[in-house]
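> Next up is a structure, given as structure tokens.
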Amino acid sequence: MTAKADWAFVRQFRVVRHWMANRDFAASDHRCLVLEVEHALESIVCEHIEANKRVAHELRRKRMSRLWSWCSLAVATMLSCVAFKIAKYNTVSRIPFMPA
């Protein structure tokens, strides 16, 4: 068969039969792929659910990883600014006052 089906609509189902309709183009200028489907086995549905859970978990883990990276960078920047100000203050305060 050279016809294509949008398998996103039937991915949770098992294709029982399929055939081509409108081979003579009497109804329109396109052929029609007809599918007879039934619910997939419970194990296949469970595999899809588990795969979706794993993908969702990985996405959450990556998002939290980026969040923690951003937070640690912000904290490190803030601490370096505080350390710079403390060092600057200590350096300036140690310069003896010279009366003119």
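> In Å², what does the accessible area per residue of region 1-84 work out to with a 1.4 Å probe?
Solvent-accessible surface per residue comes out at 88 Å².
> Right, another one. Taking 0.36 nm per residue of sequence separation and subtracting the Cα-Cα distance, how much length would be gained by fully extending the chain between C32 and L67, in nm to one decimal?
Going from the current span to full extension adds 7.7 nm.
> Less than 12 Å Cβ to Cβ from N22, Lys/Arg counted +1 and Asp/Glu -1: what total charge do the surrounding residues give?
Around N22, the charge tally is 0.
The values are calculated or read from the model by the stated rules, or taken from the named source; none is laboratory data. Treat the numbers as computed from the prediction; the structure is a model and nothing was measured. Cβ sites come from the backbone with ideal geometry, for glycine too, and all protein chains shown count toward neighbours. Surface accessibility is based on the protein's heavy atoms, side chains included, excluding ligands, DNA and RNA. Shrake-Rupley method; radii C 1.70, N 1.55, O 1.52, S 1.80 Å.
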